[in-house]
Structures are given as C-alpha cells and as structure tokens.
Amino acid sequence: MILAFDIYGTLFEIKIPDLKEEILKEWRQLQMEFIWRITLMRKWLNFDEITAIALKYLSSKYKFEFKEELLEAWTKLKPFK
C-alpha cells in the first residue's frame, strides 16, 4: 500500500522572501497542473524537475531572474507554527 498526501500548504507554510505571494500561489498551481499534464502524456518527471519547470515558466512570464536559490528555498519551507 502506498499512502501519499500533500504537505505543502498543509504542514509547511509556503513563503519565500524573494517572491511575491501571487507568484508563489501561481507556482504551486503550476506544479499541480504540470504533474497532471505530464502524467496524461504518460511521461514521468520527479517533483523537483516539475517544480523547476514551473519556476522557469514564471520567471519568463513575470520577467524575473531564475535562480537556483529559489528552488533550494522550496526544499527548506518552514512548518506552520
């Protein structure tokens, strides 16, 4: 049996100081959208790759510099207090 649940926004607070809240919200939405699209294409990418693709898309859309530090910050989200 495999048990999975979404911890982002449930256990971890989605805040990255260098990104506006609207961009963070859209980033999260794109992660989910891209997971579904890639699954429908019968391809597999790990979550880190999908997260990077979504951030690269947003950096192009909103004209900000894509930085690896932003991806790294995603892996260091703090739990809700």
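The values are calculated or read from the model by the stated rules, or taken from the named source; none is laboratory data. Everything numeric here is computed off the predicted structure, so don't read it as measured data. Quick reminder, even Gly has a Cβ in these numbers, built from the backbone with ideal geometry, and neighbours come from all protein chains shown.
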Any chance Tyr57 is at pLDDT 95 or above and either touching a strand residue (DSSP E or B) at 6+ places or on another chain (Cβ under 8 Å) or of a type outside the set (Val, Ile, Thr) (or both)
yes
Residues that are under 11 Å from the mean Cα position of the chain (by Cα), surrounded by 13 or more Cβ atoms within 10 Å (Cβ to Cβ) and of a type in the set (Lys, Arg): does segment 26-35 have at least one?
yes
Tell me whether segment 4-23 contains one or more residues that are at pLDDT 90 or above, of a type in the set (A, V, I, L, M), surrounded by 12 or more Cβ atoms within 10 Å (Cβ to Cβ) and not in a strand (DSSP E or B).
yes
So in segment 54-81, with the set limited to residues that are among the polar types (S, T, N, Q) and surrounded by 10 or more Cβ atoms within 10 Å (Cβ to Cβ), which one is nearest to Leu11 (Cα to Cα)?
Ser59
Just checking, how many residues over segment 36-52 are over 12 Å from Trp74 (Cα atoms) and surrounded by 13 or more Cβ atoms within 10 Å (Cβ to Cβ)?
3
